[in-house]
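Notes to accompany the following structure.
Readers should treat all values here as calculations from the given coordinates under stated rules, not as data from a laboratory. Since the model is a prediction, treat every value here as computed from it, not as a measurement. Here Cβ is always computed from backbone atoms with ideal geometry, including for glycine, and neighbour counts include all displayed protein chains.
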Amino acid sequence: MKPTLVILAAGMGSRYGGLKQIDSMGPCGEVILEYSIFDAVRAGFNDVVMVINPETEPQFRAAFGDRLASHVPLRYAYQSLGNLPSGFEVPEGRVKPWGTAHALLSAAEVVDRPFAVINADDFYGFEALESLAEFLARAPGSCDGACDARSRSAQDDNARLHLAMVGFRIEDTLSDHGSVSRGVCTVNAQGFLVGIEECHGLEPTETGARYTVDEQSWIELPLGTPVSMNLWGATPEFLSRAQEGFAIFLTEHLPSNPLTCEYGLPDLVERFMHAGLADVTVLSARNRWYGVTYASDKPEVQKAVQSMHDEGTYPTPLWGGDDPSK
């Protein structure tokens, strides 16, 4: 079964100063997520589900949605603050979204097959998506025809989840225009994820990266340190477990942190791992990741994308060439 690509695109880009998900990066006005979709189709993905804020749908459709209509099935799912489990209400004064795991759950009703989940404003490259497609093709739970995740989960609530994450080398993910946060990964000798530590204020160095927690001493991370850029692969059972976990998360965190607590994917995956409910295969990316954390990152990303067009990695315009699935 060909997998689904789920794109998390509901963020508002506060540090960037606008909707960076639909800011032009390619030579013919292409946005970053179009390259992920183009690469995903080439890698064997079947369709795309875009998780957005419902208020921004007209902007997304105008920026690229109508352009993609004849190339890949594209559906929209909507992240809403009020989409909560029974018995819970939005706390008074809460405006912050519930996090990346909640955003993914917004697509649960339309994802019925193995899937990859990515950020809309990150450039991952073809090899990363191809490796995930290959993993999902052989992952337990893949099946012929549409799969009913809820019925399979009910049949075996104790089934172990087999997930994948693409890890990038830390030096391939940093910005020259300001510090960044990254999920620094520990991977065992068998290639499985052991843990993710969210490190803030990361700066590039000649030997890798560094950060400080006390503004006095520095912690050094060597070249090649794997980091998570929120590129995951899973089967639909993960969504059922994530929905159950959301109620637990709210019970634990709402009383003490009602306005800003977030149900994040890395934290959820770690919870499953430590409970013995999941293992995570780490797939290694060897290309540079590109992103636009800051507006000053944009010229560098545009230059890199233009180089890929010049080298023939992508046709110009992106969707004016051959069908990427052929």
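Considering only alpha-carbon pairs that sit under 8 angstrom and 6 or more positions apart, the relative contact order computed for segment 168-326 is 26 percent.
Each helix, a run of at least 4 DSSP H residues, gives -39500 (n - 2.57); summed and divided by the residues of the chain, these come to -7500 deg cm²/dmol at 222 nm. Using every pair of distinct Cα positions in segment 270-326, the Kirkwood expression returns a hydrodynamic radius of 15.0 angstrom.
Remark on Gly195: its backbone amide H falls under 5 Å from those of Thr186, a criterion applied only to residues 5 or more positions apart or on other chains, H modelled at 1.01 Å from N. Charges were assigned to the Cβ only: +1 to each Lys and Arg, -1 to each Asp and Glu. The resulting dipole of the chain about its Cα centre is roughly 420 debye. Please work out the FRET efficiency for the pair Glu244 and Glu203, using the Cβ-Cβ distance as r and a Förster radius of 41 Å; give the result to the nearest 0.05. E(calc), rounded to 0.05, equals 0.60.
Rg and Dmax over the alpha-carbon atoms of segment 241-303 stand at 17.3, 47 Å.
Taking the chain as a Gaussian network, where each spring joins two C-alpha atoms under 10 Å apart, which residue of Val49, Val95, Val282 fluctuates the most? Ranking Val49, Val95, Val282 by mean-square fluctuation puts Val95 first. A Cβ-based charge dipole, computed about the Cα centre of segment 274-326 with Lys and Arg at +1 and Asp and Glu at -1, lands at about 120 debye.
Counted over the chain, the DSSP beta bridges are approximately 55% antiparallel. Taking one quarter of the surface of the convex hull spanned by the alpha-carbon atoms of the chain gives a direction-averaged projected area of 17.4 nm².
Stokes-Einstein, applied to the Kirkwood radius of segment 1-136 over Cα pairs at a viscosity of 1.306 mPa s and 10 °C, places its translational diffusion at 102 µm² s⁻¹.
On the principal axes of its alpha carbon atoms, segment 34-73 extends 31, 17, 15 Å, with the longest extent given first. The gain in end-to-end length when the Ala62 to Arg138 segment is fully stretched comes to 23.7 nm, 0.36 nm per residue minus the alpha carbon separation. Loop sites by DSSP among the GluC sites (Glu not before Pro) of the chain, restricted to those with at most 13 other Cβ atoms within 10 angstrom, leave 93-205 as the longest stretch without any of them. Dividing the radius of gyration of the alpha carbons in segment 168-326 by their Kirkwood radius gives 1.02 for Rg/Rh.
Listed by chain and number, the aspartates and glutamates placed with their C-alpha closer than 15 angstrom to that of Lys20 are Glu30, Glu34, Glu57, Asp121, Asp122, Asp297, Glu300; residues fewer than eight positions away on the same chain are left out.
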